[in-house]
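K.L.:
Let me begin by handing over the structure; questions about it come next.
Taken together, the values in this text are just the output of simple stated rules run on the coordinates, not laboratory data. No experiment lies behind these values; they were computed from the predicted model shown. Neighbour counts are summed over all protein chains in view; Cβ atoms, including those assigned to glycine, are modelled from backbone coordinates with ideal geometry.
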Amino acid sequence: MTCQARGRFLHLPQALISLTFFLVLILSGCAVGPEFHAPTPPSGKTYTHRPLPEIVEQTTSPGNLRQQFRVGEDIPGQWWQLFHSRELNRIVDLALKANPDLHAAEASLLQAMENLSAGKGAFAPSATGSIQTVQQYFNGAAFGVPALSSLFTLNTGSVSVSYPLDIFGGVRRQVESLKALADYQKFELEAAYLTLTSNIVYAAISEASLRSQIRATQNIINVLTQEMASINRQFSVGFVSRSTVLQQETILNQARATLPPLEKQLSLVHHQMAVYLGRFPGESSGKDFRLKDLTLPGDLPLSLPSRLVEHRPDIQAAQATLHSANAQVGVSTANMLPQVTLTGQYGSESISGYFSPGSQFWNYGPGLNVPIFQLGTLYFQRKAAIAALRQAKAKYESTVLAAFQNVADTLRTLESDAETLDAQESVFRSAREGLGIARRQFADGAIGYPSLYNAEQSYEQAKIGLVQARAARFSDTAALFLSLGGGWWNMAPATPRHVGVVKLASQTGGTPPAIAPRSSGATPPTPVRP
């Protein structure tokens, strides 16, 4: 009986280890928490409540600006090249190399990628080594044998190995969350790229519009100044009253008051453009932009509503956040369950030196850590993770709705501004024809200076309205490309260079790492689905 009992006891650790590995094999494919599934794309067929016209055009001019929607077609990655402006292309290329916001977004992506790599290390065993030398004094008098008192040096060296068994998938969920956060930063980099390029296009259009408005306003001021001089001469001979002089002064001063705000706006655009290029506001940003140097794209690619969720970087970033929050529910659930860890240690402890013969020791075996009572901490942490998941889901839905509203608003604005440009063309042509008649009548002596000046003023004001309407058409087109995602999926992915090697410019004496070159000729990558 005694021998049998002793034999069973000796085989108990081996049986326990076998049972542990059996449980690992059963549960190795298990990961607690909800599985993530990408939200279903909207099933709508249109962006607006009323059908879009196939063609948006200006019909009142021989050189009409005609644009046609191409439903289902893709946006080119370098969409700003559709405006056929070499200066615009040059400015965008410079900004993509030097803009600090892109550098910051790239560094954030690099950080997330490195955190993901660090998180994956939890799948592998961890080993640590230690060497320790201490002096100890043994007091034999405490045991009644003073002769045994001695001072000796104890040398200890060991290697410890630990491997947490991810039975309930807590580590896998944590890595899944880190992967989703890396995807989030990737789409944030794409969004920064899209925001920068679109802002440069807006700034170029705004600069061209402001320059034309300033020239027209200066012409109006010149006309009113000449008319003011004529009225002053008439007043000096008593032909007009003082009230007529004051009325003309008021009109002239009102016209002059409109010029400084335009010049201020132009300066602000210059400052902003320089900052986009990574320069100080006082530095030059290049040649002047003019509307005549830009070509309005004739074809407007319009992706299907079901594809918008894949094309908008902000929607993809919100989906990545939702994915991360979903994985965190699994992490918090796994923290409430037992944790099994395999540990082992091998070493030597001797007073004669490290790893002396006969001084070795070792141990191995599984360890079980079971949370018993933590005053509800783990329970409420899981509840908080579930609430964060609900919040991420609501924010995702809000982002999708805002994106569809953005596209719908842009499409409606495109149609409305085309009609506005049509009307402004009519106003301009009437004012130009009226000015021609006034000049002929003035040459024939049929009218005086006031009538001629009024016609010239009306012409310049109509020119300002026409410039603003044309600039709006360019801005609306850029806004459409932006609202549809900007075609980033048709370019090489924007990934950081030198992954794993980050050096600050102040340490290397160089410039911060730039985003990897992006070529529209590359094979279009499949949009990442977290």
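K.L.:
Could you go through the stretch 403-410 and let me know if any residue there is in contact (Cβ under 8 Å) with a residue 24 or more places away in the chain and in contact with a Phe, Trp or Tyr (Cβ under 6 Å, 6 or more places away or on another chain).
P.N.:
Scanning the stretch 403-410, I find at least one residue that is in contact (Cβ under 8 Å) with a residue 24 or more places away in the chain and in contact with a Phe, Trp or Tyr (Cβ under 6 Å, 6 or more places away or on another chain), so the answer is yes.
K.L.:
When you scan the stretch 345-366, do you find a residue that is among the charged types (D, E, K, R) and assigned to a strand (DSSP E or B), even just one?
P.N.:
yes
K.L.:
Let me ask something additional. Given 419, 397, 425, 433, which one is of a type in the set (Asp, Glu) and either closer than 30 Å to residue 319 by Cα or not in a helix (DSSP H, G or I) (or both)?
P.N.:
One residue alone meets the criteria, 397.
K.L.:
Hey, another quick one. Restricting the search to the stretch 126-181, which residues are assigned to a helix (DSSP H, G or I) and among the hydroxyl-bearing types (Ser, Thr, Tyr)?
P.N.:
Hit for the stretch 126-181 is 177, nothing else.
K.L.:
May I pose another question? Among the residues of the stretch 338-355, are any surrounded by fewer than 17 Cβ atoms within 10 Å (Cβ to Cβ), of a type in the set (A, V, I, L, M) and touching a Leu at 6+ places or on another chain (Cβ under 8 Å)?
P.N.:
Checking the stretch 338-355: at least one residue is surrounded by fewer than 17 Cβ atoms within 10 Å (Cβ to Cβ), of a type in the set (A, V, I, L, M) and touching a Leu at 6+ places or on another chain (Cβ under 8 Å).
K.L.:
For the stretch 291-301, check the following and say yes or no: at least one residue is β-branched (Val, Ile, Thr) and more than 30 Å from residue 414 (Cβ to Cβ).
P.N.:
So far as the stretch 291-301 goes, no, none of its residues is β-branched (Val, Ile, Thr) and more than 30 Å from residue 414 (Cβ to Cβ).
K.L.:
Just to check your reading of the model, which residue among 68, 111, 78 is in contact with a strand residue (DSSP E or B) (Cβ under 9 Å, 6 or more places away or on another chain) and of a type in the set (S, T, N, Q)?
P.N.:
That would be 68, the only listed residue that is in contact with a strand residue (DSSP E or B) (Cβ under 9 Å, 6 or more places away or on another chain) and of a type in the set (S, T, N, Q).
K.L.:
Could I ask something else about it? Regarding the stretch 415-434, can at least one residue be identified that is under 30 Å from residue 43 (Cα atoms) and exposed (fewer than 14 other Cβ atoms within 10 Å of the Cβ)?
P.N.:
So far as the stretch 415-434 goes, yes, one or more of its residues are under 30 Å from residue 43 (Cα atoms) and exposed (fewer than 14 other Cβ atoms within 10 Å of the Cβ).
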